[in-house]
1. Return the only residue of I108, I150, I145 being in contact with a Leu (Cβ under 9 Å, 6 or more places away or on another chain), in contact (Cβ under 8 Å) with a residue 12 or more places away in the chain and β-branched (V, I, T).
2. Within the stretch 91-169, considering only helices (runs of 4 or more DSSP H) that don't extend past its boundaries, which have at least 1 residues that are surrounded by 13 or more Cβ atoms within 10 Å (Cβ to Cβ) and in contact with a helix residue (DSSP H, G or I) (Cβ under 9 Å, 6 or more places away or on another chain)?
3. Within the stretch 52-70, work out how many residues are part of a loop (DSSP other than H, G, I, E, B) and either within 13 Å of the chain's Cα centre (by Cα) or under 22 Å from H137 (Cβ atoms) (or both).
4. Out of the residues in the stretch 47-67 that are aliphatic (A, V, I, L, M) and open to solvent by less than 20 Å² (accessible area, probe 1.4 Å), state the one that is nearest to G122 (Cα to Cα).
5. Please pick out the residue among Q42, Q49 that is under 16 Å from the mean Cα position of the chain (by Cα), at pLDDT 60 or above and polar (S, T, N, Q).
6. Scan the stretch 71-83 for residues that are surrounded by 11 or more Cβ atoms within 10 Å (Cβ to Cβ), part of a loop (DSSP other than H, G, I, E, B) and at pLDDT below 95 and report the count.
Amino acid sequence: MSEPNNDGFPGQPDAAEEGAEAAPAASPDAPAPSETDRLAAQVTGPEDQVGMAALWRLTMGLDHWWFIAVGDPGLESPAAAEIDGQLMLLTFTTSERAHDFAVQQDMIGPTDDLNAIALPPGEVIESSATYVGAGIHGLMFDPHISGFFIPSEQLPVVWEAVTSTRDAD
């Protein structure tokens, strides 16, 4: 998994570096690249406001965000992981990507069903203060593929910016 840099985007190794290794081949069952992957890869950093707006407009326009459910039945919560010393909710753009991640992490077998939580983005945004209070620094999307993230306290700000421009279109 790519380690995010401090800007919230996956670190991009310089392929021209001497001794750089090629990325491992994707498994045949791995999810196909998506538009969010393409947009995340094109964002050059925090100053790329056009690229970030396109990425977040698409991401926040998804019908659901997917989370791997952990905990006792009836008391499940979204899985989180410590990444670069900060607690992040593992968030996925599709159920297939959540399943693929769980298989890669040996949480389930390739043919097992995944216990997952699907939430509309607006519902997640409404819970952002709860995440901040619980010490959740942010949400990392498709951590095993593109690994873009957003800090919890920025969720409502970005949501407002994205939905206000969507409503104006």
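The values are calculated or read from the model by the stated rules, or taken from the named source; none is laboratory data. In this text, all values refer to a predicted model and were calculated from it rather than measured experimentally. In this analysis, Cβ positions are derived from the backbone assuming ideal geometry, glycine residues included, and neighbour counts consider all displayed protein chains. The area values use the complete protein model at the heavy-atom level, side chains included, leaving out ligands, DNA and RNA. Shrake-Rupley method; radii C 1.70, N 1.55, O 1.52, S 1.80 Å.
1. Numbers: I108 fails: in contact (Cβ under 8 Å) with a residue 12 or more places away in the chain; I145 fails: in contact with a Leu (Cβ under 9 Å, 6 or more places away or on another chain).
Criteria check complete, one pass: I150.
2. Result: 121-126, 128-133, 155-168.
3. First, pick out the residues of the stretch 52-70 that are part of a loop (DSSP other than H, G, I, E, B): 61-64.
With either within 13 Å of the chain's Cα centre (by Cα) or under 22 Å from H137 (Cβ atoms) (or both) added as a condition, the list becomes 62, 64.
Number of matching residues: 2.
4. At the first step, the residues of the stretch 47-67 found to be aliphatic (A, V, I, L, M) are 50, 52-55, 58, 60, 62.
Pick out the ones that are also open to solvent by less than 20 Å² (accessible area, probe 1.4 Å) and you get 55, 60.
Numbers: L55: 16, M60: 8 Å.
Among residues in the stretch 47-67 that are aliphatic (A, V, I, L, M) and open to solvent by less than 20 Å² (accessible area, probe 1.4 Å), the one nearest to G122 (Cα to Cα) is M60.
5. Values: Q49 fails: under 16 Å from the mean Cα position of the chain (by Cα).
Just a single option satisfies the conditions, and that option is Q42.
6. Kept after step one, since they are surrounded by 11 or more Cβ atoms within 10 Å (Cβ to Cβ), are these residues of the stretch 71-83: 71, 76-81, 83.
Next cut, part of a loop (DSSP other than H, G, I, E, B) only: 71, 76, 79.
Pick out the ones that are also at pLDDT below 95 and you get 71, 76.
Number satisfying all stated conditions: 2.
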